[in-house]
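Below: one structure, written as structure tokens.
The values are calculated or read from the model by the stated rules, or taken from the named source; none is laboratory data. This one's a predicted model, so the numbers in the text were calculated from it and none came from an experiment. Note: ideal-geometry Cβ built from the backbone for every residue, glycine included; neighbour counts use all protein chains shown. SASA here: full protein model, heavy atoms, side chains in, ligands and nucleic acids out. Shrake-Rupley method; radii C 1.70, N 1.55, O 1.52, S 1.80 Å.
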Amino acid sequence: MGDDDATVNSPRSTTGFLNRALDVLGRFFITTGLLLLAFVAYQLWGTGIKQAQSQKILAAEFARVTSTTVRGTSAQYDRAVLREGDVVGRISIPSLGVDSWIVAGSKLKYLEKGPGVFPKSAMPGHLGNFAVAGHRTSYGAPFGDIDRLKKGDLITVTSQEGTFNYSVTHSEVVPPTDVSVLRTVDPTRAVATLITCHPKWTSSNRLVVH
């Protein structure tokens with residue numbers, strides 16, 4: 001048997017190859033883990049910082065608009081005037097410590113600013129269904145704990161027209177395709193509907209609080 005054959009079959013050569021392969025694989029897993037941690041950190045804190053900045057802008061916008069609006073009028077809520085992304089008002093849920101500016105529109109880019117009012121929904125205090133969507137785990141997670149709401153808990157919404165109080169009646173979990181929760185069932189009543197993803201960290205269903 002020649003020297004070349006002895007080199008090819010050397011256990012030391014095989015061990016060296018395995019060590020190098022394990023080193024590369026280990027570095028890959030470490031890098032992947034760090035990237036995942038960075039992504040989670042951004043989702044938890046980075047998006048929250050971004051949302052906080054948007055909230056400051058909405059506060060300034062609301063102050064500017066209300067300074068030129070006669071309290072009690074509804075002209076500013078004409079759907080032809082109110083654009084998606086515009087500030088609608090402020091929602092407060094004392095039992096959860098929630099106090100957030102809300103915008104018109106339910107697309108993801110608008111929900112990054114704060115809870116968003118679904119198109120064609122009634123405005124705060126108006127007859128019909130005032131339906132609002134909000135993030136549960138990112139961008140400040142304004143609706144992160146609405147599963148803890150109980151019957152009778154107070155939800156207050158302040159708009160250019162005044163302050164309106166809603167009382168929680170019940171909650172339910174529905175498929176994401178169930179749009180019936182957005183409809184106005186009784187046009188003679190002013191009701192509110194809060195909607196978020198369920199369970200946390202997934203979007204498989206929707207948690208709905210009436």
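Listing for the model above:
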quantity	calculated
Test: residue in segment 152-165 that is farther than 25 Å from Val65 by Cα and open to solvent by 60 Å² or more (accessible area, probe 1.4 Å)	yes
Qualifying residue in segment 88-101 (condition: touching a Phe, Trp or Tyr at 6+ places or on another chain (Cβ under 6 Å), among the charged types (D, E, K, R) and at pLDDT 90 or above)	yes
Residue within segment 26-36 that is part of a helix (DSSP H, G or I), modelled with pLDDT of 75 or more and among the aromatic types (Phe, Trp, Tyr) present	no
Those residues of segment 170-182 which are open to solvent by less than 70 Å² (accessible area, probe 1.4 Å) and either β-branched (Val, Ile, Thr) or in contact with a Cys (Cβ under 6 Å, 6 or more places away or on another chain) (or both), in sequence order	Val174, Val181
Filter result for Thr68 (outside any helix (DSSP H, G or I), exposed (fewer than 13 other Cβ atoms within 10 Å of the Cβ), of a type in the set (Ser, Thr, Tyr) and at pLDDT 65 or above)	yes
Subset of segment 133-150 that is over 11 Å from the mean Cα position of the chain (by Cα) and not in a loop (DSSP other than H, G, I, E, B) - its residue that is surrounded by the fewest Cβ atoms within 10 Å (Cβ to Cβ)	Arg148
Residue that is surrounded by the most Cβ atoms within 10 Å (Cβ to Cβ), among those in segment 96-117 that are among the hydrophobic types (A, V, I, L, M, F, W, C) and over 21 Å from Ser167 (Cβ atoms)	Val103
Criterion: within 27 Å of Gly48 (Cα to Cα) and touching a Phe, Trp or Tyr at 6+ places or on another chain (Cβ under 7 Å) - qualifying residue of Arg206, Arg148, Arg136	Arg136
Meets criteria (more than 18 Å from Arg90 (Cα to Cα), open to solvent by 60 Å² or more (accessible area, probe 1.4 Å) and more than 23 Å from the chain's Cα centre (by Cα)) for Val185	yes
Flag if Ser95 is outside any loop (DSSP other than H, G, I, E, B), without any contact (Cβ under 8 Å) to a residue 60 or more places away in the chain and either of a type outside the set (A, V, I, L, M) or within 25 Å of Gln51 (Cα to Cα) (or both)	yes
Subset of segment 179-210 that is in a loop (DSSP other than H, G, I, E, B) and in contact with a strand residue (DSSP E or B) (Cβ under 7 Å, 6 or more places away or on another chain) - its residue that is farthest from Ile102 (Cα to Cα)	Pro187
Which numbered condition Thr137 fails, given (1) in contact with a Lys or Arg (Cβ under 6 Å, 6 or more places away or on another chain); (2) modelled with pLDDT of 95 or more	(2)
Condition met for Ile195 (in contact with a Lys or Arg (Cβ under 6 Å, 6 or more places away or on another chain) and open to solvent by less than 40 Å² (accessible area, probe 1.4 Å))	yes
